[in-house]
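Taking it in order: structure first as structure tokens, then the write-up.
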Amino acid sequence: MERFIRLDARACPLGLANVDTDQLIPARFMSRPRSEGYGRFLLHDLRFGPDGQSLGFALDDARHAGTGVIAARRNFGTGSSREAAVYALWDYGIRCVIAPSFGDIFASNAVKNGLLPAQVSPEDAEAILASLEAAEVPHLVVDLETLRIEVGGRSFAFAIDAVRRLQLLNGWDDLDLTRRHAGEIAAFRTRRLAEAPWLLPG
Amino acid sequence: MGQARTLFDKVWDSHVIVTREDGESLLWVDRHFVHEGSHHAFRQVEARGLPVAEPGLTFGVADHYVPTRNRPAIDNPEIAGMVERLSGNATRHGFRLFGLEDPDQGIVHVVGPEQGLTLPGLLVVCGDSHTSTHGALGAYAFGIGASEVAHVLMTQTLWQRKPKRMRIRIDGNLAPGLSAKDLALHVIRTIGADGARGHAVEYAGEAISALSMEGRLTLCNMSIEAGARCAMVAPDAVTFAYLRSRPLAPQGEVFEQACVAWQALASDPDAVFDRDIALDASAIAPLVTWGVSPEDALPIDARVPDPAAEADPARAGYLEQALAYMGLRAGMRLEDVTVDRVFIGSCTNARIEDLRAAAAILQGRKAVVPGLVSPGSSRVKVQAEREGLDRVFREAGLEWADSGCSMCVGMNGDLVAPGERCASTTNRNFRGRQGKDARTHLMSPAMVAAAAVTGRLTDLRKLAGG
């Protein structure tokens, strides 16, 4: 997994609350193989009309070309557990989403793919959105070591679970960590299945 | 020992293999359900070259992409590929598959409990957010993403940080005609679509004890729409009666032993919750959603919100965009909203009790709009037909189909057309959820049936008994 330490990137303000994973990637694209790249499906139906014409969504504004960060309102990534929502963000080039709250499953999926869900207070989210809206070249710096976001000459704190922070900083993969516990897992399995006959089905 | 524990604490504790210094615990998984959409995870397993660690604890269910008409033929090659890929993975890795032609096939969150695979005290995961459903039986059940599915396939374990505990106590009795769906929408609109984020929810109180198992499954199912990590109901006589004689549940003497053990799965009287919420079921009217989040729910006699009356500009902007998408006028009566079609189905509301409630309204009446009824499982379908419910739906003019996720998520091609408005028993009214530019109103099965009869959002109590 790619490490996340510090990101200096273009940032796109999406003044939307409850951006659910059905919007991040509509279900009809999810049978496609990842090797095709999922970036073009990101927020597809907010961005494109029936004939594929641009609807003038913020992400497609020339000001936001090459954006690496999205800032949004509360409950980003709510809904379906589809990890494809993170694939769409990642393949588009997004490495960090800033919001006052995230769907739990989305936040977990994000970290497992190296994407930083940076949680800020609702007030700071509004200030960051306003600053990005006002900027000629909307841009910010996210520093995972100091847990700070620098934008428009101001600095904001953000939060992330301490373990997830370390995983992102080091690019750690869960499976490598788990396999160090193979002996404990095997012992637990034996103990667990002996506890009661119904722990093995049927 | 001494320290009082919640139901969640007890189930959590019994699954901890190891807890790291940083607070993350490695948990044992008792049941892992996979479906056609799990293909990304299987690809990750293949890339690692590892086997499935516990095929005996892994179960495949074909539901997300399966057709609901003209089975087993699948016209669309891309969809056929998804269903075949799951079969291939089941064969290759040696786990049981409830496939398209299996008489026990259905929606994973209906099949697990129905088969007796989901039991009190078990840890259940699936790469689907509505896995919270299974908590109705007193299991710790939650949805996971593809990377976690791959991790469970390869190790039968999962790293988790212990969530906070929240109790939602609902006392009082629901008015006649109301159901668990109304309770669920009431909870979500009260605490918000992220109101239970980071929390394991335990439902308690008179209104919960009074719910059937089908109702509890609906309530726990919708808890993810309040952002809950999982939702649980302590097992009781209703749970045991539901599980008795389920095909893959313990049988005979072992079942009796299990019931004794399961009775200990309750929160201690002095257990402390991080949050405690009290609601009154008797104060609830039938609820419908008007917007694009399940928290956008209102009593059927209310009016559509008016952005101009909203002081907070961000909120006003949200309302404006939601009303524009939904094609609604600010301030209009919800009962004046006309619908183009209805859908009765999904892991939320397609169990036998849901079909009975809808059929009770439709009995002897005609639907004035088209609609689809997709039972929660093939077994539910057989039982409904035994009870003659299929005839009620057909005679009312609705289509009676096979079981799958169907028009809740539209992956199998059962879609609401762009701009069409659907009264739906499903769980998500997100933009585009039931199809591009589709407009979804969530409500109970009886309310969907009432909307079918009048062609508008309708208080079912005006039709019940009439």
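Where a number appears in this text, it was derived from the coordinates with a stated rule and is not lab data. This one's a predicted model, so the numbers in the text were calculated from it and none came from an experiment. Don't worry about glycine lacking a Cβ; one is built from the backbone with ideal geometry, like all the others, and counts go over all protein chains shown.
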**OP:** Report the relative contact order of chain A, percent, no decimals, based on alpha-carbon pairs under 8 angstrom and at least 6 residues apart.
**Re:** 25 percent
**OP:** Pop out the ³J(HN,Hα) list for segment B:293-303 in order, Karplus 6.51 cos²θ - 1.76 cosθ + 1.60 with θ = phi - 60°, rounded to Hz; leave Gly and Pro as x.
**Re:** 9, x, 6, 7, 10, 9, x, 4, 8, 8, 10
Original post:
When the Kirkwood radius is taken over all Cα pairs of the protein assembly as shown, what Stokes-Einstein diffusion coefficient follows at 10 °C and 1.306 mPa s, in µm²/s?
Top reply: 63 µm²/s
**OP:** Please turn the phi angles of segment B:411-418 into ³J(HN,Hα) values with the Karplus equation 6.51 cos²θ - 1.76 cosθ + 1.60 (θ = phi - 60°), one per residue in order, whole Hz, x for glycine and proline.
**Re:** 5, 8, x, 7, 10, 8, 5, x
Original post:
B:Arg69 to B:Glu399: extension gain in nm, 0.36 nm per residue of separation minus the Cα-Cα distance?
Top reply: 117.8 nm
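FRET efficiency for B:Gln363 and B:Val272, Cβ-Cβ distance as r, R0 = 56 Å, nearest 0.05?
0.70
Could you order the peptides B:107-119, B:301-313 from most to least packed, using the average number of other C-beta atoms within 10 Å per residue?
B:107-119, B:301-313
Between A:Ser155 and B:Glu320, take the C-beta separation as r, use R0 = 41 Å, and let me know the FRET efficiency to the nearest 0.05. Mind showing how you got there, number by number?
Working: r = 33 Å, r/R0 = 0.80.
Approximately 0.80, to the nearest 0.05.
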Subject >> Cα radius of gyration and Dmax for chain B (Å) >> reply: 21.5, 65
**OP:** Please list, in chain and number order, the residues 5+ apart from A:Ala71 or on another chain whose amide H is under 5 Å from its amide H, with Hs placed from the backbone.
**Re:** A:Cys12, A:Leu14, A:Ile98
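Across all directions of projection, what mean area in square nanometres is found for the Cα convex hull of segment B:163-285?
For the Cα atoms of segment B:163-285, the hull's average projected area reads 8.0 nm².
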Subject >> Protection proxy ranking, peptides B:7-13, B:347-353, average beta carbon neighbours within 10 Å, highest first >> reply: B:347-353, B:7-13
Original post:
Mind checking which of A:Arg82, A:Arg180, A:Arg63 has the largest fluctuation in a GNM of chain A, springs on alpha carbons under 10 Å?
Top reply: A:Arg180
**OP:** Give a residue-ordered list of calculated ³J(HN,Hα) values for segment B:122-134 (Karplus: 6.51 cos²θ - 1.76 cosθ + 1.60, θ = phi - 60°; whole Hz; x for Gly, Pro).
**Re:** 8, 9, 10, 10, 7, x, 7, 4, 7, 4, 3, 3, 5
**OP:** Compute the distance in nm between two label points, each set 7 Å from the Cα along the Cα-to-Cβ direction, one at B:Arg48 and one at B:Arg333.
**Re:** 5.9 nm
Original post:
If the label point is 7 Å along Cα→Cβ of A:Asp143, which residues in segment A:1-28 have backbone nitrogen under 15 Å from it?
Top reply: A:5-9
Original post:
In whole Å, what are the Cα extents of segment B:11-161 along the three principal axes, biggest one first?
Top reply: 53, 35, 22
Original post:
In a GNM of chain A with a 10 Å cut-off on Cα contacts, which of A:Ala58, A:Ala182, A:Ala11 has the highest mean-square fluctuation?
Top reply: A:Ala182
Original post:
Which semi-axes, in whole Å and largest first, does the equivalent ellipsoid of chain A have when worked out from the alpha carbon gyration tensor as the square roots of 5 times its eigenvalues?
Top reply: 34, 22, 15
Original post:
Which whole number gives the average count of other chain Cβ atoms within 10 Å of the Cβ atoms across peptide A:182-193?
Top reply: 4
Original post:
Taking H as built 1.01 Å from N, whose amide H comes closer than 5 Å to the amide H of B:Ala204, not counting residues under 5 places away?
Top reply: B:Ile168, B:Arg169, B:Ile170
**OP:** Mind ranking B:134-140, B:167-173, A:101-107, B:247-253 by how tightly packed they are, going by the mean number of other C-beta atoms within 10 angstrom, highest first?
**Re:** B:134-140, A:101-107, B:167-173, B:247-253
**OP:** Return the distance in nm (one decimal) between the two label points of a simple spin-label model at A:Glu36 and A:Thr190, each offset 7 Å from Cα along Cα→Cβ.
**Re:** 4.8 nm
**OP:** Report the full-extension gain for the segment B:Ala283 to B:Arg386: residue separation times 0.36 nm, less the Cα-Cα distance, to one decimal in nm.
**Re:** 33.5 nm
**OP:** Taking the Cα centre of chain B as origin, sum charge times position over the Cβ atoms of Lys and Arg (+1) and Asp and Glu (-1), and report the length of that vector in debye to the nearest 20.
**Re:** 520 debye
Subject >> Cβ-Cβ FRET estimate between A:Glu136 and B:Ser87, R0 fixed at 60 Å, reported to 0.05 >> reply: 0.65
Original post:
Amide H neighbours of B:Val288 under 5 Å, counting only residues 5+ apart in sequence or on other chains, H built in-plane at 1.01 Å?
Top reply: B:Leu298, B:Ile300
